[in-house]
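Encoded as structure tokens, the structure appears first; notes follow it.
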Amino acid sequence: MKKYLLLQGFFLWLISAAQVTAQGLSASEIVRKADEKFNGEKSSYSIMSMTIVRPTWQRTIEFKSWTLGRDYALTLITAPARDAGQSFLKRKNEMWNWNPSINRLIKLPPSMMSQGWMGSDYTNDDIMRESSVVNDYEHEFAGEEVINGRECYKIRMTAKKDASVIWGQQIRWIDKKDFLFLKAELYDEDGMLVRTETGSEIKMMDGRNIPTRIELIPSEEQGKKTIVTIKEIKFNIPVTEDFFSQQNMRTIR
């Protein structure tokens, strides 16, 4: 009996130890470091392009984005000409769209968070960073794999019961060396795979390595994908809450 208890204790220790990496980090800490690596610990400014690919056509949208934590975000469309000047604002749990061509400010209801942003495979939630991979999910190790020659932690993320999120579960592959999101599988509440994302073309930007090409492929829509290219990014910029105003979304350039 004593021998059995010792063996039981040993296996419980192994299970517990599997939740901590050789670096002494938990799955949640790894996700947090990866999130901060890409989004900045406090704020960010970026210039990006987004190419929407469909079986018979494709188009590219260019935009600038400013963020402050999880609560504030402002995105300005700069091209093509027909869409230029449109902006999207998030302040805490409220979101708006400004369309200069019709001189109209529209408040986006929560039901629109899962809709495609500018006709892409990305949702409004993705672009405006409504949900948090750090705070809205439980994290656990699911193994290790090599992605594009880089050793990665494979981490399963399950949505918390009280979290208002689109994805019921995510699996993310995070580079061990630089804490980069290199691959993600996103599942709905029924456990069905909805889309896969991959990060590549790692470059040094503002003092840190990040993937500058992100490709999103829907699972059940053959021939469709969305490619985001990061052209410039700055982290922890000096910006305050006042910057994220309805007035500024009309005049920002």
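Every number here is computed from the coordinates shown, using simple stated rules; none is lab data. Keep in mind that this is a model prediction, so the values were computed, not measured. Every residue, glycine as well, gets a Cβ built from its backbone with ideal geometry; the counts of neighbours run over all protein chains shown.
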| query | How big is D, in µm² s⁻¹, for the chain by Stokes-Einstein at 4 °C and 1.567 mPa s if Rh is the Kirkwood radius over C-alpha pairs? | reply | 66
| message | Report the per residue volume, in Å³, of the convex hull enclosing the C-alpha atoms of the stretch 166-253. | response | 167
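Once you keep just the Cα pairs under 8 angstrom separated by 6 or more residues, what percentage relative contact order results for the chain? Spell out each step's value before the answer.
Details: 515 pairs, mean separation 51.4, N = 253.
RCO, the chain: 20 percent.
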| Selection from 124, 39, 187 lying farthest towards where the dipole of the chain points positive, charges on Cβ | 39
